[in-house]
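> What follows is a structure written as structure tokens; I'll ask about it next.
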Amino acid sequence: MPALKPCRETAEILVHPAHCVGGHIIDEHGREIAITEQMIQHACEQLDRQWVAAQPRFKH
């Protein structure tokens with residue numbers, strides 16, 4: 001297995017959003033998968049679509 005190379009250059013990530021952003025996840029088979037800017041953006045978009053305003057707990 002090749003050594004994992006951390007991404008250190010912010011400019012590199014902006015120019016190449018498919019490059020890793022410095023973290024990894026472990027899949028169900030125990031493989032390390034680099035977290036990319038695209039993955040983070042996709043997750044944020046999903047959260048934005050699912051967001052619901054909080055309801056007040058008490059009525060005044």
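> Residues in segment 15-22: is at least one at pLDDT 70 or above, loosely packed, with under 12 Cβ neighbours inside 10 Å and not in a loop (DSSP other than H, G, I, E, B)?
Looking for residues that are at pLDDT 70 or above, loosely packed, with under 12 Cβ neighbours inside 10 Å and not in a loop (DSSP other than H, G, I, E, B), one finds at least one in segment 15-22, hence yes.
> Assuming Gln46 fulfils every condition listed in (1) open to solvent by 70 Å² or more (accessible area, probe 1.4 Å); (2) at pLDDT below 90 apart from one, which condition is it?
Evaluating Gln46 over (1) open to solvent by 70 Å² or more (accessible area, probe 1.4 Å); (2) at pLDDT below 90 leaves (2) as the failure.
The values are calculated or read from the model by the stated rules, or taken from the named source; none is laboratory data. Since the structure is predicted, the reported quantities are computational estimates derived from the model, not experimental observations. Neighbour counts are summed over all protein chains in view; Cβ atoms, including those assigned to glycine, are modelled from backbone coordinates with ideal geometry. When the accessible area is computed, the model is the full protein with side chains, heavy atoms only, and any ligands, DNA or RNA have been set aside. Shrake-Rupley method; radii C 1.70, N 1.55, O 1.52, S 1.80 Å.
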